[in-house]
1. Taking the Cβ-Cβ separation of Val161 and Glu43 as r and a Förster radius of 25 Å, what is the calculated FRET efficiency to the nearest 0.05?
2. Which ³J(HN,Hα) values in Hz, rounded to whole numbers, follow from the phi angles of region 71-84 under the Karplus curve 6.51 cos²θ - 1.76 cosθ + 1.60, where θ = phi - 60° and Gly and Pro get x?
3. Simple spin-label model, 7 Å along Cα-to-Cβ: Lys177 to Ala291 in nm?
4. Which FRET efficiency value, to the nearest 0.05, is calculated for His339 and Arg309 with the Förster distance at 41 angstrom and r the Cβ-Cβ distance?
5. Determine the sum of side-chain charges near Gly40: Lys and Arg each +1, Asp and Glu each -1, restricted to other residues whose C-beta is under 15 angstrom from that of Gly40.
6. So for region 110-152, Kirkwood radius off the Cα pairs, Stokes-Einstein at 10 °C and 1.306 mPa s: how many µm² s⁻¹?
7. With a 10 Å radius around each residue's Cβ, average the other Cβ atoms per peptide and rank 313-320, 170-177, highest first.
8. I want to verify the translational diffusion coefficient of region 4-188 in µm²/s; compute it with Stokes-Einstein, Rh as the Kirkwood radius over Cα pairs, at 20 °C and 1.002 mPa s.
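Bear in mind these aren't lab numbers, they're just calculated from the coordinates by the rules spelled out. Here the structure is a predicted model, which is why all the values come from computation and not from measurement. Note: ideal-geometry Cβ built from the backbone for every residue, glycine included; neighbour counts use all protein chains shown.
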Amino acid sequence: MDRCVVLVDAGYLLGAAASLLAGEPSRSRITVDHSALIQGLRERAEADTERPLLRIYWFDGAPDRVPQPEHRRLRVMPRVTVRLGALTRSDGRWAQKGVDAAMHAELTELARNRACSDIVLVTGDGDLLPGMMAAKEHGVAVHLWAVQAADGDYNQSEDLVAEADERRVLDRAWITKAVRAKEYGGVCAPPPAPRPEIAAILSAPLPESALAAATEAAERSAAPHADAAPRAAENGDRAVKGVPTPKDLAALRGPAPVQTVKEHTTATLRWSSDKGWVDRPGVPAEPPEAAALPTLAQLTTAEQRWADREEDITTVGGDPYEVGQVFARRWMARLPEQHNLQKLSTMYPRIPHRIDGELLRYAARFGLLAHKDDQIDEHDRYAIRAGFWREIDVRTAAEPAPAGD
């Protein structure tokens, strides 16, 4: 068949692009316009091979092979098929498993079935050499594309380079049409700092009971060891002003009149469990009116559910703060009675359990709240809830409270 197929090793393409543009192969240091990248690959492949495109295969790794937001956007694009291998962490480093084998299988199967006349490989891995040789034996022309190396040298297997029928280099000018480095003052951006809303949560003062308990604990630990007093004095502030526990955070909220979220300067988000709110002595229980608030699922029709799914795939980027905003926006737009919005605002910072659980399950679709370095990412939880409350705050600030409230 006189058609071309493109097989992309995303780990190689984006890792090499990050090295070229940001100075290190971490994909977190670049931002990618996937639509522009796919269009660029298609146009370049059709021009180089002088054949129409059959399909682009995008091979990448993902934790537990669960599609990430970028994979979900890619797989609904025309002529794009996503194949996922596993992404595992070993000795502090992430490594792809099964991607090379999947590329090899696809390469040989396409050639054996004569599905195309030309195959473009965007990879640098020498493990694909047997598959390349097999494709050539079936009469397929193999084009090998490289990403311009940061040091001007090869970033591909020499054997792979020698065996290819045609070679091209995707230079900096081509790469920067769809990929750019995250910059900060002209250099690569440092790890992102918490958003102001999240920083306010983490810096909220502890209640007096927690301060007293921390002081008492410090005194008890210092009593048996006289020489520990200087260390206790030196570290006292850190012990008292450390990140508050969920119990401490929950105790921060007391009765408050109806007002917008931003007026609560010391309130913070409270954790929930799978079985509901874990109430302790001295912590007020969830108000009865919380049970009367409808969930998003109850407010959503089948047609809206389908439209939401399409929007999640094609538009929502998966940033935890953005995810919380999107969920809140949909919930507010579908409320039949807007007084429920004012009712919710009085419960800040506590999201009713049913809605909170639904919010976190929605976030899980984007790969959030997953195990990272063997720990639940609590920063994501803060960001999701902060985004939710920020969107509620915008609406309640714009609308007057009902008379009598």
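1. Numbers: r = 24 Å, r/R0 = 0.95.
Given R0 = 25 Å and the Cβ-Cβ separation, E is 0.60.
2. 5, 5, 6, 5, 6, 9, 7, x, 6, 10, 10, 9, 10, 10
3. It works out to 6.1 nm between the two label points.
4. Details: r = 30 Å, r/R0 = 0.72.
About 0.90, to the nearest 0.05.
5. Values: positive: Arg42, Arg44, Arg79, Arg168, Arg172, Lys177, Arg180; negative: Asp33, Glu43, Glu46, Asp48, Asp171.
Result for the local shell: +2.
6. Details: Rh = 11.3 Å.
D = 141 µm²/s.
7. On the way: 313-320: 16.0, 170-177: 14.4.
So the peptides 313-320, 170-177, ranked by packing, come out 313-320, 170-177.
8. Details: Rh = 16.7 Å.
Value of D from the Cα-based Kirkwood radius: 128 µm²/s.
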